[in-house]
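Here the structure is laid out as structure tokens; the discussion comes afterwards.
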Amino acid sequence: MTAPRTRKAAIIGGNRIPFARSNSAYAQASNQDMLTSTLDGLVARFGLQGQQVGEVVAGAVLKHSRDFNLTRESVLGSRLSAATPAYDVQQACGTGLEAVVLVANKIALGQVDSGIAGGVDTTSDAPLAVNDDLRRVLVQVNAAKTLQQRLKALSGIRPGQLVPDIPRNAEPRTGLAMGEHAAITAAVWEIGREEQDELTVRSHHNLAAAYDRGFFDDLLTPYLGLTRDQNLRPDSSMEKLARLSPVFGRGEGATMTAGNSTPLTDGASVVLLGSDEWAAAHDLPVLAHLVDAQTAAVDYVHGGEGLLMAPAYALPVLLARNGLTLQDFDLYEIHEAFASTVLSTLKAWEDPAFCKEKLGLDGPLGPIDRSKLNVAGSSLAAGHPFAATGGRIVASLAKLLHQQGPGRRGLISICAAGGQGVVAILES
Amino acid sequence: MSDWYRDLANSGVGAALTRRLGLPRPAVLRRYTPGDPLLPGPVVVVGTAGGRLADEVGAVLKEAGVTVLAADAAADAERLGAVVLDATGVSSPADLAVATTALAPAVKRLRSSGRVVVLADPATDAASPAQAATRQALDGLVRSLAKELRSGSTANLLLVPAGADASLAGPLRFFLSGRSAYVDGQVVTLSPAELPAAEAAERPLAGQVAVVTGAARGIGAAIARVLARDGAHVVAVDVPAAGQALAEVANEIGGTAFGLDITAGDAPARLVEHLRERHGGVDVVVHNAGITRDKLLVNMDAARWESVIAVNLQAQLDLTTALLAADGLLRPGARVVCVSSQSGIAGNRGQTNYAASKAGIIGMVRAWAPEFTARGATINAVAPGFIVTEMTAKMPMGTREIGSRINSLQQGGLPVDVAETIAWLAQPGSAGVNGQVVRVCGQSMLGA
Ligand SMILES: NC(=O)c1ccc[n+]([C@@H]2O[C@H](COP(=O)([O-])OP(=O)(O)OC[C@H]3O[C@@H](n4cnc5c(N)ncnc54)[C@H](O)[C@@H]3O)[C@@H](O)[C@H]2O)c1
């Protein structure tokens, strides 16, 4: 058998809605509402009404049980052809980028010629679950055959069971909030308050400048009255950020504030991918190609590694496979879950001991040119609706690379809950 | 948008009441839907000796399957859909007697939403003062008749210079059809042009690419819908902030949404690049985006003045210049239609900036017409009168009621009326309409 020929998937464009702060502009919108509207914005931008794309792949991190077929239901509600297949994925904050990789791989193998990848999340319309005790009783009631049996089962309900289970942004295996995990890592890598605030200010300023120069005009469609990300503070400054008290970590060493951590956010994003031939046949531009991607996971429970440090491990594998060094990129997009996460990751790559002992490399991966990092802003300013972040980054980076001209290379790094990470290379 | 007064005046009790009180009785206008016959009744064609357009008129009516009745048909015969007067033969004032001998009896037999179309030579081409006077007299005749007509009927004058006879068919069809519902008392001068052999009646813009600015709502959205209905792929442009509504319009009509602030420095370049990359060229450009920032001149700040000029006038100049300069981008036979306004013709208190911008458009269109002719293309302006939109719905009741009634049709127009006129100008068959300003105002009393 000969090896199948592969082709690189083209990133044609994207669409997202502005990201809203939790319980605000999108408080009444469901995941399906947001994903459907975001798909429709993409359809309008690229004239895909009634068309069938190969596959739509998306997901959400916080999901109602009714959203079991979220992406397919969103497709059915959208202007795409109802004959467009879809499936859901979920890899925590890696969902959006993983969805892009999945679609790109099918395109690469020739299994589909086009596809849409994306993600959506709402922390406003998050599912409230009944607690496990109550659920057991209700299941018994449902299973009861006679009225008597039913009443008997119902009499088993106790007041304490009537408290709903509210979803928490905490790791199931440690019970720690993600921010607490990040604070531990920040302490290990001795990440200071000032450098975190600096990164935060730069994120806000870069995002605001990108809006001002019209960068998002063809990447975003306003939604429910929002035309820009609600979390964006164009006038963010070191002085303002310095006034905030730490919310994660403890005592003297606590450096992580509500400013240099991403807030809970609602939003959705999608990316249109296709083969070069498909793009040409539809008179659509090719912004960039997805070159390669790699995931990794770390044992943050027993292994002593930080919860959000997995991308640090994924990167050298990706670089080696592609014969590249960390410095061979024109742009870097490192997801700003927390400012300290970005800085810890960069510091780890510069650290000879970490690179040798943990990554098994001969020497450090080295520093990057910080002026090439998150040049159009990132999650600290835009907000981070978990599954929607990957699509935001892929579409923005593809456009940035395209603007720089052909042959430019960009690196994406996204950390995710459960100690996972996804990294990917785009090239214009 | 509902016209409560028109509906009342057309109800049983309301009709009696308005008649008794001598109040205006606005009609429900005949508007076009695809598949409609050109006219809902037969036509009488009257003429004077020496008239030269009988063949052109006959061909249009025959192709449309319209019954042509003799001018002296029995008075109790079927009511007429239209009367066409070919006055190209007139040369002395005595020839105008046709008004009472032939035109009047036919006009009496017009049904509701009937049409009177008068065809004549331009006075400017006349061989003698007497001939010029006679031709110009028709102008007064038509404008006055338009004011006399009731029940949604209209009268318009088409000036057909020598050599432009072949240009008549498309414009004549428009003025007879329901597409011209709110165009009344207008004079349009045709010019010689290369006409396409045949035109698809239902989808005259099939295969064409049309750009509409300000397409997210109001008149622009209506233009986008009508151009799409007529077969065009519409690139719907509006400010990025209007993106959600813009996407809905684009999806409804199978077009594409292109978020662009037309006043941005790089807007012309971005539009050119977008059209080249995605469509390879463009056939129809409708400059519709517009804003108002009303204030009396003495209270007007620079920002109000400048923003209105920037959106309504400078952007149209810049975008059109860029499209003309982009090699091969404007396809042969391209159509540019610019939305002016009644205010640009009549002026309006508190709108010095707006009226200046809208009058400027008229100057621009006339100045550019020869260059467009040379390319086999056209550029025209449409000047809406009182059009019922979300914008006018916000006006105070009194102002709105008066604004909508002071025209011969005694009602406000609808966005679709402006859109139909623009779509007509965009048609291949409108090649002989260039540098014109067509008012869509129900023959407004303002600036008439
Ligand atoms: N409504 C009337 O009675 C009336 C009468 C005469 C003329 N007009 C003209 O008709 C046109 C449409 O009017 P309407 O009533 O539909 O108004 P509208 O305000 O409902 O719509 C105008 C559209 O233009 C868009 N727009 C404004 N500035 C823009 C810019 N810089 N770039 C891109 N898009 C921009 C707006 O976002 C809006 O969607 C305007 O030119 C107006 O002057 C209207």
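Here is a yes/no grid of residues against (1) closer than 22 Å to A:Ile425 by Cβ; (2) of a type in the set (A, V, I, L, M, F, W, C); (3) open to solvent by less than 10 Å² (accessible area, probe 1.4 Å):
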position: A:Ala9; (1), (2), (3): yes, yes, yes
position: A:Arg16; (1), (2), (3): yes, no, yes
position: A:Ala25; (1), (2), (3): no, yes, no
position: A:Thr36; (1), (2), (3): no, no, no
position: A:Arg72; (1), (2), (3): no, no, no
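Considering each residue of segment B:307-344, count those that are under 24 Å from B:Glu277 (Cα atoms), in a helix (DSSP H, G or I) and open to solvent by 40 Å² or more (accessible area, probe 1.4 Å), and give that number. Number of matching residues: 4.
For segment B:229-238, residues that are without any contact (Cβ under 8 Å) to a residue 40 or more places away in the chain and within 11 Å of another protein chain (Cβ to nearest Cβ) total 2. Starting from residues that are in a loop (DSSP other than H, G, I, E, B) and within 23 Å of B:Ile309 (Cβ to Cβ), keep the ones in segment B:345-385 and report whichever is nearest to the ligand (Cβ to nearest atom). Filtering segment B:345-385 for residues that are in a loop (DSSP other than H, G, I, E, B) and within 23 Å of B:Ile309 (Cβ to Cβ), the one nearest to the ligand (Cβ to nearest atom) comes out as B:Gly385. Sort through A:Gly383, A:Gly363, A:Gly407, A:Gly421 and tell me the only one that's within 29 Å of A:Ser24 (Cα to Cα) and either in contact with a strand residue (DSSP E or B) (Cβ under 6 Å, 6 or more places away or on another chain) or surrounded by fewer than 18 Cβ atoms within 10 Å (Cβ to Cβ) (or both). Just one listed residue meets the conditions, A:Gly383.
For every residue, the table says whether it meets (1) open to solvent by less than 70 Å² (accessible area, probe 1.4 Å); (2) in the same structural domain as A:Glu190 (by TED's automatic domain parsing); (3) among the β-branched types (Val, Ile, Thr); (4) in contact with an Asp or Glu (Cβ under 8 Å, 6 or more places away or on another chain).
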site	(1), (2), (3), (4)
A:Ser245	no, no, no, no
A:Arg250	no, no, no, no
A:Thr255	yes, no, yes, no
A:Gly259	yes, no, no, yes
A:Pro263	yes, no, no, no
A:Val271	yes, no, yes, no
A:Gly274	yes, no, no, yes
A:Ala279	yes, no, no, no
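Looking at segment A:13-33, is at least one residue under 30 Å from A:Gly407 (Cβ atoms), modelled with pLDDT of 95 or more, away from every other protein chain (no Cβ under 14 Å) and out of contact with any Lys or Arg (no Cβ under 8 Å at 6 or more places or on another chain)?
Here is the first cut: in segment A:13-33, the ones under 30 Å from A:Gly407 (Cβ atoms) are A:13-16.
Remaining after also requiring modelled with pLDDT of 95 or more: A:13-16.
Imposing the further condition that a residue be away from every other protein chain (no Cβ under 14 Å) reduces the set to none.
Looking for residues that are under 30 Å from A:Gly407 (Cβ atoms), modelled with pLDDT of 95 or more, away from every other protein chain (no Cβ under 14 Å) and out of contact with any Lys or Arg (no Cβ under 8 Å at 6 or more places or on another chain), one finds none in segment A:13-33, hence no.
Checking the stated criteria, B:Ala82 turns out to be in a strand (DSSP E or B), touching a helix residue (DSSP H, G or I) at 6+ places or on another chain (Cβ under 7 Å), under 30 Å from B:Pro196 (Cα atoms) and in contact (Cβ under 8 Å) with a residue 60 or more places away in the chain. For segment B:80-120, the set of residues classified as open to solvent by less than 10 Å² (accessible area, probe 1.4 Å) and over 22 Å from the mean Cα position of the chain (by Cα) consists of B:Leu80, B:Ala87, B:Val90, B:Leu103, B:Ala106, listed by residue number.
Could you say whether any residue in segment A:321-333 is within 26 Å of A:Phe46 (Cβ to Cβ) and open to solvent by less than 30 Å² (accessible area, probe 1.4 Å)? Yes, that holds for at least one residue.
For segment B:416-448, which residues satisfy the criterion of being within 13 Å of the ligand (Cβ to nearest atom) and buried (at least 24 other Cβ atoms within 10 Å of the Cβ)?
Just the residues of segment B:416-448 that are within 13 Å of the ligand (Cβ to nearest atom), to begin with: B:416-419, B:421-422, B:437-442, B:444, B:446-447.
If the condition is that a residue be within 13 Å of the ligand (Cβ to nearest atom) and buried (at least 24 other Cβ atoms within 10 Å of the Cβ), then B:Asp417, B:Val418, B:Ala419, B:Thr421, B:Ile422, B:Val438, B:Arg439, B:Val440, B:Cys441, B:Gly442, B:Ser444 are the ones that fit.
Counting the residues of segment B:195-213 that are open to solvent by 10 Å² or more (accessible area, probe 1.4 Å) and within 15 Å of the ligand (Cβ to nearest atom) gives 0.
Matching residues to (1) touching a residue at least 40 places away in the same chain (Cβ under 8 Å); (2) of a type in the set (Asp, Glu); (3) touching a Lys or Arg at 6+ places or on another chain (Cβ under 9 Å):
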| residue | (1), (2), (3) |
| --- | --- |
| B:Asp86 | yes, yes, yes |
| B:Ser91 | yes, no, yes |
| B:Lys108 | no, no, no |
| B:Ala127 | no, no, no |
| B:Ala132 | no, no, no |
| B:Ser144 | no, no, no |
| B:Ser153 | yes, no, yes |
| B:Leu172 | yes, no, no |
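With respect to A:Ala387, determine if the residue is free of Cβ contacts under 8 Å to residues at least 60 places away in the same chain and among the aliphatic types (A, V, I, L, M). Considered against the rule, which asks whether it is free of Cβ contacts under 8 Å to residues at least 60 places away in the same chain and among the aliphatic types (A, V, I, L, M), A:Ala387 comes out as no.
Per the listing B:Asp327, B:Asp283, B:Asp318, the residue uniquely under 26 Å from B:Pro428 (Cβ atoms), away from chain A (no Cβ under 14 Å) and out of contact with any strand residue (DSSP E or B) (no Cβ under 8 Å at 6 or more places or on another chain) is B:Asp327. Considering only residues of segment B:386-405 that are surrounded by 16 or more Cβ atoms within 10 Å (Cβ to Cβ) and either more than 9 Å from the ligand (Cβ to nearest atom) or among the small types (Gly, Ala, Ser) (or both), which is nearest to the other protein chains (Cβ to nearest Cβ)? If we take residues in segment B:386-405 being surrounded by 16 or more Cβ atoms within 10 Å (Cβ to Cβ) and either more than 9 Å from the ligand (Cβ to nearest atom) or among the small types (Gly, Ala, Ser) (or both), then B:Arg400 is nearest to the other protein chains (Cβ to nearest Cβ). Exactly one residue out of B:Ala222, B:Ala216, B:Ala245, B:Ala267 is open to solvent by less than 20 Å² (accessible area, probe 1.4 Å), under 24 Å from A:Thr36 (Cβ atoms), in contact (Cβ under 8 Å) with a residue 24 or more places away in the chain and within 15 Å of the ligand (Cβ to nearest atom): that is B:Ala216. Of all residues in segment A:223-244, those that are farther than 27 Å from B:Leu246 by Cβ have Cβ atoms under 7 Å from Cβ atoms of residues that are open to solvent by 60 Å² or more (accessible area, probe 1.4 Å) and small (Gly, Ala, Ser), 6 or more apart or on another chain, in A:Leu244/A:Ala258.
Only one of A:Glu198, A:Glu239, A:Glu190, A:Glu194 is assigned to a loop (DSSP other than H, G, I, E, B), over 23 Å from A:Phe386 (Cβ atoms) and more than 14 Å from every other protein chain (Cβ to nearest Cβ). Can you tell me which? Steps first, please.
On the way: A:Glu198 fails: assigned to a loop (DSSP other than H, G, I, E, B); A:Glu239 fails: assigned to a loop (DSSP other than H, G, I, E, B); A:Glu194 fails: assigned to a loop (DSSP other than H, G, I, E, B).
Only one candidate passes the filter, namely A:Glu190.
The values are calculated or read from the model by the stated rules, or taken from the named source; none is laboratory data. Remember, it's a predicted structure, so these values are computed and weren't measured experimentally. Every residue, glycine among them, receives a Cβ derived from its backbone with ideal geometry; neighbour counts consider all protein chains shown. Ligands, DNA and RNA are stripped out before the accessible areas are found, and what is left, the full protein with its side chains, is counted by its heavy atoms. Shrake-Rupley method; radii C 1.70, N 1.55, O 1.52, S 1.80 Å.
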